1. Checking residue 416 against (1) open to solvent by less than 20 Å² (accessible area, probe 1.4 Å); (2) closer than 29 Å to residue 170 by Cα, which test does it fail?
2. Looking at (1) open to solvent by less than 20 Å² (accessible area, probe 1.4 Å); (2) under 15 Å from residue 46 (Cα atoms), which is the only condition residue 121 fails?
3. Please work out which one of (1) modelled with pLDDT under 90; (2) closer than 18 Å to residue 63 by Cβ; (3) basic (Lys, Arg) is the condition residue 208 fails and give its number.
4. Of the residues that make up the range 367-381, is at least one within 16 Å of the chain's Cα centre (by Cα), at pLDDT 90 or above and open to solvent by 10 Å² or more (accessible area, probe 1.4 Å)?
5. Which of the residues belonging to the range 177-188 are surrounded by fewer than 24 Cβ atoms within 10 Å (Cβ to Cβ) and within 14 Å of residue 280 (Cβ to Cβ)?
6. Can you find, within the range 159-176, the residue that is farthest from the chain's Cα centre (by Cα) among those that are over 13 Å from residue 314 (Cα atoms) and either surrounded by fewer than 24 Cβ atoms within 10 Å (Cβ to Cβ) or of a type in the set (S, T, N, Q) (or both)?
7. Using the structure shown, decide if residue 386 is crowded, with 24+ Cβ neighbours inside 10 Å, of a type outside the set (D, E, K, R) and assigned to a helix (DSSP H, G or I).
8. Regarding residue 110, is this residue under 16 Å from the mean Cα position of the chain (by Cα), buried (at least 18 other Cβ atoms within 10 Å of the Cβ) and not hydroxyl-bearing (Ser, Thr, Tyr)?
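The values are calculated or read from the model by the stated rules, or taken from the named source; none is laboratory data. The shown structure was predicted, so the numbers you read here are calculated from the model rather than taken from an experiment. So basically every Cβ, Gly included, is an ideal-geometry build from the backbone, and we count neighbours across all protein chains shown. We work out accessible area using only protein heavy atoms, side chains counted, and drop any ligands, DNA or RNA first. Shrake-Rupley method; radii C 1.70, N 1.55, O 1.52, S 1.80 Å.
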Amino acid sequence: MTKAMEDIGSSGHIMWKRRTRAEKEPIPSAARRAATAAFAGSFIEFYDYSIFHVLLVYFSPLFFPGANHSALLAGLAVYGVGFIGRPLGGILFGRIGDLRGRRTALMMTIGLMGLCTALIGLLPSHSAIGLAAPVLLVILRFGQGLSAGSEIMGSVTLVIETAPPSRRGFLASMTPLGMASGALFGSAVAATASALLSPSEMSSYGWRIAFVLVIPLTLTAFLLRRRVEDSPEFAELARSHHTVKAPLREAVIPNWRQLLLASAVAITVNGPASAGTFYIPYLVGTRGLPFAEVAMVNSIACALTLLAPPIAGLMTDRLGNRSMLALVFAAFFALAFPILWLIGTTDSLLVLGLTLSLHLALSQFIAVPAWSYIAGLFPANVRYTGSTLAANVGAVLVGSSGGFAAAALVFATGSSLGATIWISGWSLAGLIVLALSRGFARRLDQSTIGVAA
């Protein structure tokens with residue numbers, strides 16, 4: 001029996017044991033390759049998502065002609081459409097991941113994401129093909145959602161099933177690190193293009209360059225994933241014929257308690273983090289700040305927070321997932337008012353950059369324990385399906401509407417502080433979920449990653 005399989009209890013859950021710094025195991029090459037592949041996949045996904053909402057001010061009017069506010073809200077609504085495709089993608093690729101292997105599913109998701117993003121960059125505008133333009137944009141955005149619905153939890157599942165127990169938090173942090181790096185690269189590409197091109201050139205073809213650039217990035221990520229082995233846990237399940245024929249049914253019925261808790265955590269985690277998607281459109285479209293300056297500041301903010309995921313991973317290995325989640329929820333609750341006050345009032349690029357970096361850092365700090373917690377709640381034979389299903393419940397119900405809801409609250413109140421209701425409200429809800437689930441968690445298998453922490 002492999003070392004990884006020795007950590008699996010009779011229920012198929014990953015065992016979690018607290019270790020001191022001296023007891024940390026070395027990282028095997030298979031775990032390093034899995035973490036690298038996870039980084040590459042999440043990099044592509046969040047590069048795509050980054051350029052979509054950062055460049056929204058340029059391409060949204062091309063597909064939704066009208067007033068600035070209506071075009072912006074329409075573009076944010078299409079951004080949310082991607083979240084609607086997530087549950088279907090999670091079910092589809094979750095089934096493949098639990099039946100055919102984590103590696104196979106992750107190879108397929110990265111290809112789909114790259115294809116949809118490249119096609120958005122080649123899509124004719126409303127003036128060229130009429131109503132077909134926004135319809136095709138919605139379809140391609142939905143395709144991105146299908147891929148994204150499996151990518152994050154699939155990569156986290158592969159990593160925690162391959163990594164040594166005392167290094168799971170750190171190695172799983174490579175997924176949010178890829179998210180942060182992809183967002184940084186997307187913002188940098190947008191800032192560079194806007195600095196080199198005029199506003200009319202950006203609206204005409206400049207935004208398209210960023211989308212088409214995903215082609216070589218996707219090919220690179222695809223080659224990296226070809227080198228990854230499937231996790232020892234899945235290999236053992238396949239060898240012993242313990243995979244299930246209906247992963248969705250097995251994840252929902254026998255494991256409904258885990259699914260309920262994981263979904264509640266995913267919903268509350270998505271709340272405060274998702275509000276950040278409205279910052280750039282608001283700063284440019286409503287406050288009238290120059291796009292090039294805002295994009296540059298956002299790029300710097302992303303760069304300043306690149307160390308947040310690995311630091312969060314190290315802290316999670318020491319503190320545990322639940323304690324880390326509570327800490328970040330409390331920070332979001334306390335800092336929502338000053339963050340949004342500065343977003344709405346400051347003219348200082350330095351202050352704006354620090355404000356954006358603070359929200360980004362908190363979003364990355366909460367992602368590391370949240371995704372590891374959710375994945376660790378499910379037995380190995382339905383972990384891919386169960387964790388993606390739970391994560392997508394949060395993404396669809398709350399993550400999809402975060403930018404839109406925050407912007408609507410700001411427009412309704414006439415102040416950036418209106419979005420405080422969204423961020424602080426979901427942060428408080430997250431703390432309540434953690435508090436109420438303590439006894440519930442104890443009734444679940446105490447050997448799971450998230451529960452034991």
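1. Going through the list (1) open to solvent by less than 20 Å² (accessible area, probe 1.4 Å); (2) closer than 29 Å to residue 170 by Cα, residue 416 breaks only (2).
2. (2)
3. The single condition residue 208 does not satisfy is (1).
4. Yes, the conditions are met somewhere in the range 367-381.
5. Let us first name the residues in the range 177-188 that are surrounded by fewer than 24 Cβ atoms within 10 Å (Cβ to Cβ), namely 181, 185, 188.
Hit for the range 177-188 is 188, nothing else.
6. Checked the range 159-176; the qualifying residue farthest from the chain's Cα centre (by Cα) is 164.
7. So residue 386 passes the test.
8. Yes.
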